[in-house]
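A short write-up of the structure that comes next.
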Amino acid sequence: MSNYLPQIKTALLVFPFLAIFITIPYIIIQYRKYGSILALRSVIIYSFILYLLCCYLLIILPLPSIEKVLASPTIQPQLIPFSFIKDFIVDSHIQLSDPSTYLPALKSMAFLTIIFNVILFIPLGIYLRYYFKMKWSHVLLIAFSLSLFFELTQLSGLYGIYPKAYRIFDVDDLITNTFGGIIGFYLAPYLSFFLPNREKIDQLAYQKGMTVSFSRRFIAFLIDWFVIIIFIVGFNYIISAITKSRLNSLTSLRYMLTIVIFFIIIPILTGGQTIGKFIVKIKVVNLELQPLKYYQYLLRYGLLYFIIIPAPLIALMFLSFLSRTNMWLNIYLILMFAAFLFITLAFPIHLLIRIFSKDKSLIYETLSNTKQISTIKIIENQQDKASITKD
C-alpha cells in the first residue's frame, strides 16, 4: 500500500485545481437541470472525479526520465489471457496439498497485484450503479473501456511523450479491472443502503430549485457580464479594424446602450430572460407572475445599472466637480456625493440582510414590483416527474 501513497497524495494536491476548473460548468449544469445544487450530489460527483484522478495517476506515476526509458529494454505487451494464474502459482510457491503455503501465497506480490487491479475498479461499479443508474452490461463495457484506455496510455508511452512504453500493457489487467467493476456493481445496493437513491436526490433538487437562490442569480449575473464583455471586445475589434483606430473599451454612451440591449430589449423579446437567466432557467415577472411592462424593465434595470452598481463612480464624479467659487453648486455636489455614497454603503448591507431573511426581494425589485422565478417548475414540471420516474 505504501507504494501507492505518493500517487494518492499527488491526486489530492492536483484535485483542488481540477475542481476549480470544473466548478463553474458544474454549477451551471446543476442550475439549468435542477435549479439548485445539493451538497450530497456535489460530494458524489466530486468524489467520483477524485477517484478517477487517483486511478489515472496510479497507472502513470511515477514518471521516469526519458533517458532512463531510452536506456531500458523494450517492454513487450503481455497478450495471453489469464497468465496471472500461472504467475501466481509460480511466484507464490503455493501448493494445494500443503495448507501452510496458503497464507504466504496470499501475501505474495503476484496475488496482491491481482487484488489491487480488482479493488481499483470496484468503486467504479458502485458509482455507475448507485448514481448513474447503469445496468450491469453498461458497467461491464465502461469498466473494460476505462481499463483499455489506461493500458493504451501505458503502451503509447504516455501518448508519445516517452519514446517507448515504460510500463507493460497486460491483457490480464483488462480482465481483473473489468471483474472489479462488476463486483462493485453487485456491491452497490449494500454499500449505498444508508444513502438516498438517485430519484430521491433529484426530487430534493427540484423542490429546492423552485426557489431562486441568490447564488443562482449571481451565476446568471456573471454569465450576462461574461457575454457582454465578449460582445464589447468583439465589437471594439471589428470597429478598430474598419476605422484603423482604437476605441475606448466602454464609454458612458456605450455602457448605456449595452444595458438597454442586454437588460431591457432582450428581456422584452424573451419574456423576462437575459442570456444568463435563460441559461440557469430563471425569469423576471411581476408580482402576479405575469410578463413585465416595458417601463418595469426600465425601472428595474435602470435602478440597478444606472444608480446602484455605478454609485461609487457617480459619487466620485460629483466630488470631482467641486467648484472653488460657487458655494451653492458645491453644496449641491456634496449632497449628491453623500447620497450616492450612502447607496454605495447601504446596498451591500441591504443585500446581506435579504440573504439571511425570509423576504428575498431587493430594493430595486420592490420599487419596480418585479421578482424572479424558476422556469423549471413552470415549463418542465411534468417532464421532470417523467424523467425521475424513468431514471
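Table for the structure above
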| read-out | value |
| --- | --- |
| Long-range amide H partners of I282 with built H, under 5 Å | T375 |
| Residue-wise HN-Hα coupling along the stretch 328-337, computed from phi with Karplus coefficients 6.51, -1.76, 1.60 (Hz; x: Gly, Pro) | 5, 5, 5, 4, 4, 5, 5, 5, 5, 4 |
| Computed magnitude of the charge dipole of the stretch 5-205 (debye, nearest 20; Cβ of K, R +1, Cβ of D, E -1) | 740 |
| Normalised contact order of the chain, rounded percent, pairs of Cα under 8 Å and 6 or more residues apart | 17 |
| Over 26 Å (Cα to Cα) - which of K208/K277; K107/K133; K9/K33 fall in this group | K107/K133; K9/K33 |
| Rounded to 10°, Cα long-axis angle of helix 109-130 versus longest principal axis of the chain | 40 |
| Mean separation of Cα contacts under 8 Å (6+ apart) over length of the stretch 210-390, as relative contact order % | 27 |
| Calculated [θ] (222 nm, deg cm²/dmol) that DSSP helices of n ≥ 4 give over the chain, each run adding -39,500 (n - 2.57) | -22000 deg cm²/dmol |
| Karplus-derived HN-Hα couplings along the stretch 251-265 (A = 6.51, B = -1.76, C = 1.60, θ = phi - 60°), whole Hz, x at Gly and Pro | 7, 4, 5, 5, 5, 4, 5, 5, 4, 4, 5, 7, 10, 10, 5 |
| Mean separation of Cα contacts under 8 Å, 6 or more apart, over the residue count of the stretch 5-205: relative contact order % | 27 |
| Residues K371, K281, K133, sorted so that the one with the fewest Cβ neighbours within 10 Å comes first | K133, K371, K281 |
| Dipole magnitude of the stretch 210-390, debye to nearest 20 (Cβ charges: Lys/Arg +1, Asp/Glu -1, about Cα centre) | 260 |
| Order by protection proxy (mean Cβ within 10 Å, highest first), peptides 180-193, 61-74 | 180-193, 61-74 |
| Over the chain, volume per residue of the alpha carbon convex hull, in Å³ | 252 |
| Debye log10 I(q)/I(0) at q = 0.11, 0.15 Å⁻¹ for the stretch 5-205, Cα point scatterers | -0.66, -1.08 |
| Charge dipole of the chain about the Cα centre (unit charges at C-beta), most positive-ward option of A143, L322, L5 | L322 |
| Angstrom value of the Kirkwood radius, inverse mean 1/r, which spans all Cα pairs in the stretch 210-390 | 18.8 |
| Cα convex hull of the stretch 2-71 - mean projected area over all directions, nm² | 6.2 |
| For M134, distant residues with modelled amide H under 5 Å away | R129 |
| Charge dipole magnitude, Cβ of K and R +1, D and E -1 - the chain, Cα centre, debye nearest 20 | 1560 |
| Under the Karplus curve 6.51 cos²θ - 1.76 cosθ + 1.60, θ = phi - 60°, whole-Hz ³J(HN,Hα) for the stretch 183-197, x wherever Gly or Pro sits | 4, x, 4, 7, 7, 3, x, 7, 7, 9, 4, 8, 9, x, 6 |
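Bear in mind these aren't lab numbers, they're just calculated from the coordinates by the rules spelled out. Since we're looking at a predicted model, the values are computed, not measured. Cβ: placed from backbone, ideal geometry, glycine included. Neighbour counts: every protein chain shown.
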